Structure formats: structure tokens, C-alpha cells
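Report on one structure; see the data block that follows.
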Amino acid sequence: MIHLAELSLIADAGYDTTNLAFGDFQRDSGPTSELLRLRMANALHGSLVVDEVLQRFVREAQTHIRRFSFRYRNREEDVIYDEGRAYAHRANYHLDLHGSSLGNITISRSQPFSPEDLRLFESMLCTLVFPLRNALLYERALRSATIDPLTGVQNRNGLRQHLDHQVLLAARHGTPLCVMMVDIDYFKAINDTHGHAAGDHVLIETARQITAATRTSDGVFRYGGEEFVVVLSSTNLDGGRRLAERVRESVRKSRGKAHGNALSVTVSIGVSAWQMDDSATTLLHRADARLYSAKHQGRDRVVSEDLRA
């Protein structure tokens, strides 16, 4: 069952707001409305990407209602979608399917919406609900499959997909690519001495520091245990070294906690750069070899390959 929780119409004079409470949507049963819903269903069919579903909905709706701005917010799923700037005359909708919130939609424009406009839009909203629900569920499943629940960064499954794609781009366009493999020093001792709760805190804080020290275009992944991998797109070996040093310093300056006491945490990092004929596996293998060297050279350091060798 689809509910329209609130409709707000904002008038020009003082932006007075009139709230009209609605129960279930009343679908028009005329042939014109049925044809519009059929066209809308066809337009929305075939995509499980939330942004694409909303974009197709707006494009189709704007062929029947004079151009309007569109805003969608779903806080639970952390989804935001906007088309156009906000105007004075607005209609606000909350979408609810069987007690499950699907988010909030606001349409606006400089001229008032007629009752016929709003009835037509509400009828089309009925057609949006199930494709939107399916897209939200699909994207949630993707996130669950590739996100590490403890640290919030992507997991090994996400790494494989991302790195394969980045290696393909590097081979196709000749763009540089680096990989950092990061390992928390003496992590087993932290768990053994202070307990797994302290170890979990160190993992979470380390992931946060790595993410903060790198760029938004870089991919951060928990590889397993206390190891993380950072994929640096469009980055040569020198740039990879500099970013690795930034990560190392950031982690060393941060503090883990155990029973209210600060813990000193350091990381060792291996850096490798993509070379012709590299696969994701060989690129990771070389980064892991450099990480192994960093461990044996005393930890809390960065070791990168020498491409001149």
C-alpha cells in the first residue's frame, strides 16, 4: 500500500504552508491514466541503479507536466538525487510501501501546480514505487557484499572488482596506477595484551586514518585481518610513495585505545606500480613482497619497488 504522508503547497505571499493529509493514493481509472502508467512502467523497466530509475521517472513525468525541479532524499540508504534548483511552489511526498520508507520526493517550480498536475504526478508516483524499491534493495545488497562491516571500507570482494577494472583502464589508456599494501605492526600483540575490543578499535581507527590521508578517488579496502589495500588510480610510483608516507605518518600520530589508555600504532607499507602486462594478481603480489621487506627492515616504514631494476 502506498501512502502520501503530506502534501505541502508553498504560496508566494509569505511562503505560507498549507498541509493536506492524505490516505492512500487514489489512482485514476481512465484510459489516459492507464496509458501514462504503462508508458512510465516501460521507461523505468530495465535498471536497478537508483539514479537511473529516478532520472527516467523525471524525464517521463516532464513530458506530461510542465517542467519542474525534482529532489529525492533517502536518509536510511544515504541516497540524494537532484534535478534543478528549488522554487517557491512545492509539493512534498513521503513514499511508504508496506510500512517501509522509500524516501521523500519534492517537486517545485516558479508557477503553482494545478490540481490536475498533482493528480497526474501522484498517479505516476504509483508506478515509480516498485522500481525504486527494487533498485534500493539491489544497491543495498551490493554494498553488503563489498563493504567490511567493522571498518566501513570495502572488502576483498570489492577490491577484486575495482582493481581488475583499474588494471584494464591502465592497459587501455596507458595511465599510471599504484597499489599500497598496508599492515598494522604487532597487531597480534595488541589483541593478546589488550583484547579483541581494543584490536577492533585499532582496525577502525586505522581505516579512518588511511581514508582521511588518501584522496576521494582512491579505493581503500580491508584485505583481511590487519591488512588494507589502497588502489591509487592515475598515480605513478613517486606519487604512490608520497601518499604511502602520508598514510604512515597519519596512523603513527593517531592513537588506539585500550581500557581508556592510548595505544601507539604503526603500519608497514609496500608500494608497487602497474607495469605492462601486469594483472591485478601480479600487481598485488609485488606490493605484498615490498610489505614483507618493510616488516623485515624494522616496521613503521614504506618500501617501494625500483622500476629501474
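A few notes on this one:
- Single residue of SER272, SER250, SER217, SER268 found to be assigned by TED's automatic domain parsing to the domain that holds LEU168 and part of a loop (DSSP other than H, G, I, E, B): SER217
- Residues satisfying the stated conditions in the stretch 134-157, i.e. at pLDDT 90 or above, assigned to a helix (DSSP H, G or I) and in contact with a Ser or Thr (Cβ under 8 Å, 6 or more places away or on another chain): ALA135
- When each of ARG85, ARG59, ARG71 is tested for being basic (Lys, Arg), at pLDDT 75 or above, within 23 Å of HIS98 (Cα to Cα) and under 28 Å from the mean Cα position of the chain (by Cα), the lone residue that passes is ARG71.
- Looking only at residues of the stretch 181-212 that are over 20 Å from GLN154 (Cα atoms) and surrounded by 20 or more Cβ atoms within 10 Å (Cβ to Cβ), we find that the one that is nearest to the chain's Cα centre (by Cα) is ASP185.
The values are calculated or read from the model by the stated rules, or taken from the named source; none is laboratory data. Here the structure is a predicted model, which is why all the values come from computation and not from measurement. With ideal geometry, Cβ positions are generated from the backbone for all residues, glycine too; neighbour counts draw on all protein chains shown.
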